[in-house]
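The values are calculated or read from the model by the stated rules, or taken from the named source; none is laboratory data. Not measured: the values here are computed from a predicted model. In this analysis, Cβ positions are derived from the backbone assuming ideal geometry, glycine residues included, and neighbour counts consider all displayed protein chains. Only protein heavy atoms, including side chains, enter the accessible area calculation; ligands, DNA and RNA are left aside. Shrake-Rupley method; radii C 1.70, N 1.55, O 1.52, S 1.80 Å.
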Amino acid sequence: MKRLFFHMLGGLILCFVLQSCSEEQDFDQFDDLSITPTVASSIFYLESDEESINAVNSGPFYYQTVNFDAFNEQFVSERLLEGTITYEIENTTSKNLQVSIEFLDDNDNVLDTEFFDIDPNLPETSTREVAYGPTGKNLAILSATSGLRVTGSNLSDDTTVSNNPDPKVILRSAAEFIFRLK
(Lines give C-alpha, C1' and ligand atoms only; values in the text may rest on other atoms or scores of the structure.)
Protein backbone atom coordinates (compact mmCIF):
# COMPACT_ATOMS: atom_id res chain seq x y z
CA MET A 1 0.00 0.00 0.00
CA LYS A 2 2.84 2.35 0.87
CA ARG A 3 4.44 1.48 -2.41
CA LEU A 4 1.32 2.32 -4.40
CA PHE A 5 0.98 5.59 -2.49
CA PHE A 6 4.58 6.60 -3.35
CA HIS A 7 4.07 5.66 -7.02
CA MET A 8 0.93 7.77 -7.21
CA LEU A 9 2.61 10.65 -5.38
CA GLY A 10 5.62 10.42 -7.72
CA GLY A 11 3.34 10.39 -10.77
CA LEU A 12 1.42 13.38 -9.47
CA ILE A 13 4.63 15.34 -8.83
CA LEU A 14 5.90 14.43 -12.32
CA CYS A 15 2.66 15.74 -13.85
CA PHE A 16 3.02 19.02 -11.95
CA VAL A 17 6.66 19.38 -13.00
CA LEU A 18 5.88 18.72 -16.66
CA GLN A 19 2.89 21.04 -16.56
CA SER A 20 4.78 23.90 -14.90
CA CYS A 21 7.82 23.67 -17.20
CA SER A 22 6.01 23.49 -20.47
CA GLU A 23 5.54 26.76 -22.28
CA GLU A 24 4.88 27.33 -25.91
CA GLN A 25 8.19 28.11 -27.61
CA ASP A 26 8.52 31.14 -29.87
CA PHE A 27 11.06 30.38 -32.57
CA ASP A 28 10.31 33.65 -34.39
CA GLN A 29 12.46 35.59 -31.91
CA PHE A 30 15.33 35.43 -34.40
CA ASP A 31 13.38 37.80 -36.62
CA ASP A 32 13.39 40.38 -33.80
CA LEU A 33 17.13 40.01 -33.15
CA SER A 34 19.23 43.08 -33.92
CA ILE A 35 23.00 42.66 -34.15
CA THR A 36 25.11 45.83 -34.47
CA PRO A 37 28.77 45.12 -33.80
CA THR A 38 31.40 47.84 -33.60
CA VAL A 39 34.59 47.12 -35.52
CA ALA A 40 37.74 49.09 -34.68
CA SER A 41 40.82 49.31 -36.85
CA SER A 42 43.97 51.31 -37.42
CA ILE A 43 44.05 53.01 -40.83
CA PHE A 44 47.47 54.60 -41.35
CA TYR A 45 50.50 55.97 -39.56
CA LEU A 46 52.70 58.84 -40.76
CA GLU A 47 55.99 59.68 -39.09
CA SER A 48 58.73 61.96 -40.33
CA ASP A 49 61.71 63.48 -38.56
CA GLU A 50 62.67 67.13 -38.97
CA GLU A 51 65.84 66.30 -40.91
CA SER A 52 63.77 64.53 -43.59
CA ILE A 53 61.35 67.44 -43.73
CA ASN A 54 64.24 69.90 -44.21
CA ALA A 55 65.78 67.69 -46.92
CA VAL A 56 62.87 68.40 -49.25
CA ASN A 57 63.32 71.93 -50.59
CA SER A 58 59.84 72.24 -52.05
CA GLY A 59 56.79 70.08 -52.41
CA PRO A 60 55.58 67.43 -50.06
CA PHE A 61 57.88 65.69 -47.61
CA TYR A 62 55.43 62.80 -47.46
CA TYR A 63 53.20 61.38 -50.18
CA GLN A 64 51.57 57.97 -50.13
CA THR A 65 48.40 56.30 -51.35
CA VAL A 66 47.09 53.66 -48.98
CA ASN A 67 44.74 50.87 -50.05
CA PHE A 68 41.51 50.94 -48.03
CA ASP A 69 39.27 48.06 -49.06
CA ALA A 70 37.25 47.89 -45.85
CA PHE A 71 33.98 48.27 -47.77
CA ASN A 72 34.77 46.50 -51.04
CA GLU A 73 32.22 43.77 -50.28
CA GLN A 74 28.66 44.87 -51.00
CA PHE A 75 27.42 42.92 -47.96
CA VAL A 76 29.64 45.08 -45.72
CA SER A 77 29.06 48.46 -47.38
CA GLU A 78 25.27 48.03 -47.39
CA ARG A 79 25.20 47.29 -43.66
CA LEU A 80 27.38 50.19 -42.51
CA LEU A 81 25.37 52.37 -40.10
CA GLU A 82 27.96 54.90 -38.98
CA GLY A 83 31.65 55.41 -38.39
CA THR A 84 34.14 57.64 -36.66
CA ILE A 85 37.71 58.26 -37.73
CA THR A 86 40.02 59.55 -35.03
CA TYR A 87 43.24 61.37 -35.93
CA GLU A 88 46.05 62.02 -33.44
CA ILE A 89 48.78 64.53 -34.25
CA GLU A 90 52.10 65.13 -32.52
CA ASN A 91 54.58 67.72 -33.80
CA THR A 92 57.80 68.39 -31.94
CA THR A 93 59.49 69.94 -35.01
CA SER A 94 59.98 73.67 -35.58
CA LYS A 95 57.81 73.43 -38.70
CA ASN A 96 54.36 74.65 -39.62
CA LEU A 97 53.00 71.69 -41.55
CA GLN A 98 49.93 70.80 -43.52
CA VAL A 99 48.69 67.27 -44.01
CA SER A 100 45.84 66.39 -46.32
CA ILE A 101 44.04 63.08 -46.48
CA GLU A 102 42.01 62.44 -49.61
CA PHE A 103 39.39 59.70 -49.66
CA LEU A 104 39.48 58.04 -53.09
CA ASP A 105 37.02 55.80 -54.93
CA ASP A 106 37.96 52.92 -57.26
CA ASN A 107 38.77 55.38 -60.07
CA ASP A 108 40.93 57.65 -57.86
CA ASN A 109 38.24 60.33 -57.76
CA VAL A 110 38.39 62.40 -54.58
CA LEU A 111 35.30 61.82 -52.43
CA ASP A 112 36.35 63.95 -49.45
CA THR A 113 39.44 65.65 -48.02
CA GLU A 114 40.56 66.27 -44.46
CA PHE A 115 43.11 69.08 -43.95
CA PHE A 116 45.31 69.46 -40.91
CA ASP A 117 47.22 72.70 -40.33
CA ILE A 118 49.79 71.68 -37.74
CA ASP A 119 51.54 74.21 -35.54
CA PRO A 120 55.20 73.72 -34.56
CA ASN A 121 56.26 72.40 -31.17
CA LEU A 122 52.87 71.17 -30.03
CA PRO A 123 52.91 70.79 -26.24
CA GLU A 124 50.64 67.74 -26.36
CA THR A 125 48.92 65.36 -28.75
CA SER A 126 46.08 66.93 -30.69
CA THR A 127 43.03 64.79 -31.46
CA ARG A 128 40.29 65.21 -34.06
CA GLU A 129 37.28 62.94 -34.47
CA VAL A 130 35.30 62.95 -37.71
CA ALA A 131 31.87 61.30 -37.64
CA TYR A 132 30.14 59.72 -40.64
CA GLY A 133 26.49 58.80 -40.70
CA PRO A 134 23.44 60.34 -39.00
CA THR A 135 25.47 62.80 -36.89
CA GLY A 136 28.27 63.62 -39.32
CA LYS A 137 29.45 63.53 -42.89
CA ASN A 138 27.71 61.54 -45.59
CA LEU A 139 28.07 57.81 -44.98
CA ALA A 140 28.46 57.22 -48.73
CA ILE A 141 31.97 58.69 -48.47
CA LEU A 142 33.12 55.73 -46.37
CA SER A 143 31.13 53.16 -48.33
CA ALA A 144 32.71 54.23 -51.63
CA THR A 145 36.27 54.74 -50.34
CA SER A 146 38.86 52.32 -51.68
CA GLY A 147 42.02 54.32 -51.02
CA LEU A 148 43.50 57.18 -49.04
CA ARG A 149 46.08 59.61 -50.40
CA VAL A 150 48.12 61.22 -47.62
CA THR A 151 50.25 64.29 -48.36
CA GLY A 152 52.44 66.14 -45.86
CA SER A 153 53.84 69.57 -46.77
CA ASN A 154 56.28 71.88 -45.01
CA LEU A 155 54.87 75.42 -44.77
CA SER A 156 58.06 76.72 -43.09
CA ASP A 157 61.61 77.10 -44.35
CA ASP A 158 64.05 74.23 -44.72
CA THR A 159 66.75 75.47 -42.33
CA THR A 160 65.21 75.86 -38.88
CA VAL A 161 65.77 73.07 -36.40
CA SER A 162 63.85 72.33 -33.23
CA ASN A 163 65.52 72.32 -29.81
CA ASN A 164 63.71 69.05 -28.99
CA PRO A 165 66.01 66.00 -28.76
CA ASP A 166 64.17 63.95 -31.42
CA PRO A 167 61.95 66.34 -33.39
CA LYS A 168 59.33 64.63 -35.55
CA VAL A 169 55.75 64.79 -36.70
CA ILE A 170 53.42 61.84 -36.16
CA LEU A 171 49.91 61.48 -37.52
CA ARG A 172 48.03 58.30 -36.70
CA SER A 173 44.49 57.35 -37.43
CA ALA A 174 42.03 54.75 -36.24
CA ALA A 175 38.40 54.09 -37.03
CA GLU A 176 35.33 52.56 -35.45
CA PHE A 177 32.51 51.34 -37.66
CA ILE A 178 29.07 50.17 -36.61
CA PHE A 179 27.29 47.64 -38.80
CA ARG A 180 23.82 46.10 -38.76
CA LEU A 181 24.26 42.40 -39.42
CA LYS A 182 20.66 41.36 -38.83
| Hey, rough spin-label estimate for Asp108 and Ile170, points 7 angstrom out along Cα→Cβ, what's it come to in nanometres? | 3.2 nm
| remark: Phi-derived 3J(HN,Hα) across region 89-95 with the Karplus relation (6.51, -1.76, 1.60, θ = phi - 60°), rounded Hz, x for Gly and Pro, is 10, 10, 9, 9, 7, 8, 9
| field | Cβ-based net charge around Lys168, under 13 Å, with every Lys or Arg adding one and every Asp or Glu removing one | value | -4
| Ordered by residue, what ³J(HN,Hα) values in Hz, to whole numbers, does region 168-173 give under the Karplus form 6.51 cos²θ - 1.76 cosθ + 1.60, where θ = phi - 60° and Gly and Pro are x? | 7, 10, 10, 10, 10, 9
| query | Quick one: accessible area per residue over region 40-82, 1.4 Å probe, rounded to a whole number of Å²? | reply | 64 Å²
| field | Carbon and sulfur %, accessible surface of region 74-165 computed with the full protein complex present, 1.4 Å | value | 44 percent
| message | Quick query: amide H of Phe61 versus all other amide H atoms, modeled in the peptide plane; which residues come in under 5 Å with a sequence gap of 5 or more or a different chain? | response | Gly152, Ser153, Asn154
